[in-house]
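Undergrad: The structure's right below; bear with me while I get my questions together.
The values are calculated or read from the model by the stated rules, or taken from the named source; none is laboratory data. Keep in mind the model is a prediction, meaning the values are calculated, not measured. Virtual Cβ from ideal backbone geometry, glycine too; neighbours counted across all protein chains shown.
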Amino acid sequence: MRISVSDAGKRFNRDWIFRNFTYQFESANAYAITGPNGSGKSTLLQVLSGSMQLSSGSINWQNNIDVDADSVFNSIAIAAPYLEVVEEMTAVEFLKFHSSFKPMLPGISIGEILSITGLEKAAEKQIRYYSSGMKQRIKLAQAIFSDVAILLLDEPCTNLDTTGYDLYHQLIESYCKNRMIIVSSNDVNEFPFCKEKILITDYK
């Protein structure tokens, strides 16, 4: 899978969030989009996901052939603070619901996913009763265990404690090889595995 971005820009009203951005993202590579709070990292990530249109330039998704913004959804999983989980569901119900849209990685059951992420004791509890850290774990679970080529992670360790950070790195190491990973963050502990770094303020 490849994402090719050419001379891309995004603005809201008259304010450019980023502009003149040209880059090529490749499978089996990890990238970090960095910069201070409010600098446009999340906006760029949403553009890469196909959920937000550019104001200028172009973006192409290729999986041997060109893929349009509507169908690229099937190749992407995202975990982000602004994406809500269905709090009326239990963790089991939520992951089953999610898997009806995107299959989970083969050979791993929902029970195993919840065990791996430390949520097995809360499997049948409604997500509304989860702590903020537990909610972040279920967000990471639905993204990382989706059988997709591209993984987009926006501030992936939000609300996680030290044990949660360790879990996050374990999940990346164990289940994300050969996938394209793009992390949006200004926390260096969230992207030490990213060999390529993009400073969003270079594109203002």
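Undergrad: Within segment 154-204, can you find the residues that are hydrophobic (A, V, I, L, M, F, W, C), crowded, with 16+ Cβ neighbours inside 10 Å and closer than 13 Å to LEU44 by Cβ? Outline the logic, then answer.
TA: First pass over segment 154-204, keeping only residues hydrophobic (A, V, I, L, M, F, W, C): 157, 160, 167, 171-172, 176, 180-183, 188, 191, 193-194, 198-200.
When the remaining residues are screened for being crowded, with 16+ Cβ neighbours inside 10 Å, the result is 157, 160, 167, 171-172, 176, 180-183, 191, 194, 198, 200.
ILE182, VAL183, ILE198, ILE200, listed by residue number.
Undergrad: Right, something else. Quick one: would you say ASN189 is at pLDDT 95 or above and either in contact with a Cys (Cβ under 8 Å, 6 or more places away or on another chain) or among the charged types (D, E, K, R) (or both)?
TA: On the way: at pLDDT 95 or above: yes; either in contact with a Cys (Cβ under 8 Å, 6 or more places away or on another chain) or among the charged types (D, E, K, R) (or both): yes.
The answer is yes for ASN189.
Undergrad: Scan segment 153-173 and give yes if some residue there is under 30 Å from ASP7 (Cβ atoms), among the acidic types (Asp, Glu) and modelled with pLDDT of 95 or more, otherwise no.
TA: Taking every residue of segment 153-173 in turn, at least one turns out to be under 30 Å from ASP7 (Cβ atoms), among the acidic types (Asp, Glu) and modelled with pLDDT of 95 or more.
Undergrad: Same structure again: Looking only at segment 127-134, decide whether some residue is over 14 Å from ALA30 (Cβ atoms), of a type in the set (Ser, Thr, Tyr), assigned to a loop (DSSP other than H, G, I, E, B) and out of contact with any Cys (no Cβ under 6 Å at 6 or more places or on another chain). Break it down into steps so the answer makes sense when it comes.
TA: Just the residues of segment 127-134 that are over 14 Å from ALA30 (Cβ atoms), to begin with: 127-134.
From what's left, of a type in the set (Ser, Thr, Tyr): 129-132.
Next, only the ones that are assigned to a loop (DSSP other than H, G, I, E, B) stay: 130-131.
Next, only the ones that are out of contact with any Cys (no Cβ under 6 Å at 6 or more places or on another chain) stay: 130-131.
Looking for residues that are over 14 Å from ALA30 (Cβ atoms), of a type in the set (Ser, Thr, Tyr), assigned to a loop (DSSP other than H, G, I, E, B) and out of contact with any Cys (no Cβ under 6 Å at 6 or more places or on another chain), one finds at least one in segment 127-134, hence yes.
Undergrad: Any residue at all in segment 165-187 that's among the small types (Gly, Ala, Ser) and in a strand (DSSP E or B)? I'd like the intermediate steps shown before the answer.
TA: Keep residues of segment 165-187 that are among the small types (Gly, Ala, Ser), which gives 174, 184-185.
Now narrow it down to the ones that are in a strand (DSSP E or B): 184.
Yes: segment 165-187 contains one or more residues that are among the small types (Gly, Ala, Ser) and in a strand (DSSP E or B).
Undergrad: Here is a check on your reading of the model: is GLY118 among the small types (Gly, Ala, Ser) and either assigned to a helix (DSSP H, G or I) or without any contact (Cβ under 8 Å) to a residue 24 or more places away in the chain (or both)?
TA: Values: among the small types (Gly, Ala, Ser): yes; either assigned to a helix (DSSP H, G or I) or without any contact (Cβ under 8 Å) to a residue 24 or more places away in the chain (or both): no.
No, not satisfied.
Yes/no per residue for (1) small (Gly, Ala, Ser); (2) under 14 Å from the mean Cα position of the chain (by Cα); (3) more than 24 Å from THR158 (Cα to Cα):
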site: ARG11; (1), (2), (3): no, no, yes
site: THR22; (1), (2), (3): no, no, yes
site: MET52; (1), (2), (3): no, no, no
site: ILE59; (1), (2), (3): no, no, yes
site: ILE78; (1), (2), (3): no, yes, no
site: GLU84; (1), (2), (3): no, yes, no
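Undergrad: I'd like to know if segment 120-142 contains one or more residues that are modelled with pLDDT under 95 and under 27 Å from THR43 (Cβ atoms).
TA: For segment 120-142, residues modelled with pLDDT under 95 and under 27 Å from THR43 (Cβ atoms): absent.
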